[in-house]
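The values are calculated or read from the model by the stated rules, or taken from the named source; none is laboratory data. The shown structure was predicted, so the numbers you read here are calculated from the model rather than taken from an experiment. Methodologically, a virtual Cβ is constructed for each residue, glycine included, from the backbone with ideal geometry; neighbour enumeration extends over all protein chains shown.
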């Protein structure tokens, strides 16, 4: 093994930084874009360590990831993706839900073979990590606006990166509302954030689908709660993420409330292998979700074939 | 310049002296692009059933090795010098299209790029068209490949030789005194006295991409897909298909990641963990494959992802080739 993968960032040499990686609305530039830690090969992972595992819900765990020498693997923008591998079991693409000074976090629901292997990891175990991939939430284009975050279930995971960004750059944005719901109290992810860290810094509106004995909060589905809250579309951008059926009904509700599709942003999921728009499988029409997405506005999605 | 045919073995030996030389020859009972053993007679008529795309994009290739106990990751990209002799103009054009896909739009694929930089192509113009060839309908000249490093054409007892690039000039310099001045000089490929045309014509409307996109919900897709076996043969023999899968092999703390060809016609190609599949049936998969070739690739790169080599016309066991799709879904209504 000749070459040790390190966190040295070739982006610096090419004058590409996380800040000028194109926003959702902009087309990918011609030529090579290197926002990753790949030493010229964007498909090369670095070996990283899982330093903390948080059991969020019965089937969701958050993995805090660090380089073996205690650094941040790379510096993603909110909404960007990481390819995580359990060596030998395979790899898959996940949203990066948070970053710190020397770590990244991804929250992963157990749904298949690889996520089974991930959930079987212990703190201290090594994984492969490559990225960041994809575009990001248009943090500059939405400066000065109110942001309404709408999440359902594990759908809060990609949105969390932007909520954290907005709270860190609080003066850049107007009113921040987080409306989040899940099937049950147990299925609510990021309980420390939604009940402790965020209230006071932004408005939180939490709901669960069915009443439970210990729950004194709102009960009902996300779309109806959204209509109940009657948010004004004036100067407001909506970031919407959750199961497809929730997105569909939330979008209907938002349209009724007077929001325009340009101002409703979401993130897509597709099966991915390469992460750099080559291997083929994540296309929707001529767009590759791993490269041109995962962040799209609802008006951009209207332009694409109905294959989501 | 021209190269006397009797000098060909000598010329090939020079190419082989510092590079892996692929040429069409009989191997395992089939004409195919194979590494020259120094003795085989090249097949200089027709085009092998499999394109030489695996020279640039192997059916399976190692990507990197890793060692979890040391944290090392080693890039296994191969910088080997390679030459393809006898590649036809359609397959040269397919490499130009693969270049677009692998090297443009945000990232360059370093495995492909490494091989591409080390590749020299010596194209041989066609002297006959198979009944399935339709490269002319795709805008190609069967006797000229401007994208090849060196263009050879049959001129009786010699090949006329024309360089298109620095790599081509290097080959000419290498061949040096094997070359002779050609007997009669004309503007386009001296000594070219062959005029070959495809009998098979495919009507390619100028607005085909828009037409096909507008017919996304057309019932013809479902009707066509009923014959499809989902075997993926079309993708494997197509010189422009480039989908791949990535996997890993592990032994204790060490392992290797590899990638291999894949096909968008396979049912689990885009099936996600948890079972959701955005292209659940043959209808969606067939539609996506041909829209990629005839509309999406145009939108993204400004060119069609087909070179008219006719391999799918010849090989699809269900007679469900690209020309049938163009005619059935893209025809006048």
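Could you grab me the full set of residues in the range B:299-329 that are within 8 Å of another protein chain (Cβ to nearest Cβ) and surrounded by 16 or more Cβ atoms within 10 Å (Cβ to Cβ)?
Within the range B:299-329, B:300 is the sole residue that qualifies.
Any residue that is in contact with a strand residue (DSSP E or B) (Cβ under 8 Å, 6 or more places away or on another chain), more than 14 Å from chain A (Cβ to nearest Cβ) and assigned to a loop (DSSP other than H, G, I, E, B) - is there at least one of those in the range B:66-80?
yes
Looking at the structure I just gave you, is residue A:100 more than 20 Å from residue A:122 (Cβ to Cβ) and either surrounded by fewer than 24 Cβ atoms within 10 Å (Cβ to Cβ) or in contact with a strand residue (DSSP E or B) (Cβ under 7 Å, 6 or more places away or on another chain) (or both)?
yes
Looking only at residues in the range B:83-110 that are facing another protein chain (nearest Cβ under 9 Å) and under 15 Å from the mean Cα position of the chain (by Cα), which one is surrounded by the fewest Cβ atoms within 10 Å (Cβ to Cβ)?
Applying the first criterion (facing another protein chain (nearest Cβ under 9 Å)) to the range B:83-110 yields B:101-110.
Now restrict to residues that are under 15 Å from the mean Cα position of the chain (by Cα): B:101-102.
Working: B:101: 20, B:102: 22.
Looking at the filtered set, the residue picked out is B:101.
Sort through A:129, A:176, A:167, A:121 and tell me the only one that's crowded, with 23+ Cβ neighbours inside 10 Å and touching a strand residue (DSSP E or B) at 6+ places or on another chain (Cβ under 9 Å).
Of the residues listed, the single one that is crowded, with 23+ Cβ neighbours inside 10 Å and touching a strand residue (DSSP E or B) at 6+ places or on another chain (Cβ under 9 Å) is A:129.
Residue under question is residue B:42, and the condition is that it be in contact (Cβ under 8 Å) with a residue 24 or more places away in the chain, closer than 20 Å to residue B:119 by Cβ, crowded, with 17+ Cβ neighbours inside 10 Å and under 18 Å from the mean Cα position of the chain (by Cα); does it hold?
no
Being in contact with a strand residue (DSSP E or B) (Cβ under 6 Å, 6 or more places away or on another chain) and away from every other protein chain (no Cβ under 11 Å) is true for just one of A:57, A:62, A:67. Which residue is that?
Every option except A:62 fails the conditions.
So which residues in the range B:162-178 are assigned to a strand (DSSP E or B) and touching a helix residue (DSSP H, G or I) at 6+ places or on another chain (Cβ under 7 Å), if there are any at all?
Answer for the range B:162-178, where residues must be assigned to a strand (DSSP E or B) and touching a helix residue (DSSP H, G or I) at 6+ places or on another chain (Cβ under 7 Å): just B:163.
Go through the range B:272-282 and count every residue that is surrounded by 18 or more Cβ atoms within 10 Å (Cβ to Cβ) and in contact with a helix residue (DSSP H, G or I) (Cβ under 7 Å, 6 or more places away or on another chain).
Result for the range B:272-282: 2.
Among the numbered conditions (1) within 10 Å of chain B (Cβ to nearest Cβ); (2) on the phi < 0 side of the Ramachandran plot, tell me where residue A:238 comes up short.
(1)
Name the residues in the range A:275-287 that are in contact (Cβ under 8 Å) with a residue 24 or more places away in the chain, more than 7 Å from every other protein chain (Cβ to nearest Cβ) and surrounded by 24 or more Cβ atoms within 10 Å (Cβ to Cβ), would you?
Within the range A:275-287, just A:275 meets the criteria.
Determine whether residue B:221 is under 27 Å from the mean Cα position of the chain (by Cα), more than 30 Å from residue A:306 (Cβ to Cβ), part of a helix (DSSP H, G or I) and at pLDDT 95 or above.
No: the conditions fail for residue B:221.
Among the residues of the range A:256-267, are any in contact with a helix residue (DSSP H, G or I) (Cβ under 7 Å, 6 or more places away or on another chain), surrounded by 21 or more Cβ atoms within 10 Å (Cβ to Cβ), touching a residue at least 40 places away in the same chain (Cβ under 8 Å) and more than 11 Å from chain B (Cβ to nearest Cβ)?
Yes, the range A:256-267 contains a residue that is in contact with a helix residue (DSSP H, G or I) (Cβ under 7 Å, 6 or more places away or on another chain), surrounded by 21 or more Cβ atoms within 10 Å (Cβ to Cβ), touching a residue at least 40 places away in the same chain (Cβ under 8 Å) and more than 11 Å from chain B (Cβ to nearest Cβ).
Is there a residue in the range B:101-114 that is under 22 Å from residue B:204 (Cβ atoms) and modelled with pLDDT of 95 or more?
Yes; the residues of the range B:101-114 include at least one that is under 22 Å from residue B:204 (Cβ atoms) and modelled with pLDDT of 95 or more.
Among the residues of the range A:25-44, are any more than 12 Å from chain B (Cβ to nearest Cβ), at pLDDT below 95 and either under 19 Å from the mean Cα position of the chain (by Cα) or crowded, with 24+ Cβ neighbours inside 10 Å (or both)? Explain how you work it out, then say what you get.
Taking the range A:25-44 first, the residues more than 12 Å from chain B (Cβ to nearest Cβ) are A:25.
Narrowing further to those that are at pLDDT below 95: A:25.
Next, from what is left, pick out any that are either under 19 Å from the mean Cα position of the chain (by Cα) or crowded, with 24+ Cβ neighbours inside 10 Å (or both): A:25.
Yes.
So, in the range A:189-219, how many residues would count as being part of a loop (DSSP other than H, G, I, E, B), under 21 Å from the mean Cα position of the chain (by Cα) and within 17 Å of residue A:151 (Cα to Cα)?
3
For the range A:132-164, name all the residues that are within 24 Å of residue A:56 (Cα to Cα) and out of contact with any helix residue (DSSP H, G or I) (no Cβ under 9 Å at 6 or more places or on another chain).
A:154, A:157, A:158, A:159, A:161, A:162
Need a quick list: strands (runs of 3 or more DSSP E) entirely within the range A:77-117 having at least 3 residues that are within 15 Å of residue A:52 (Cα to Cα) and more than 14 Å from chain B (Cβ to nearest Cβ).
Answer list for the range A:77-117: A:104-109.
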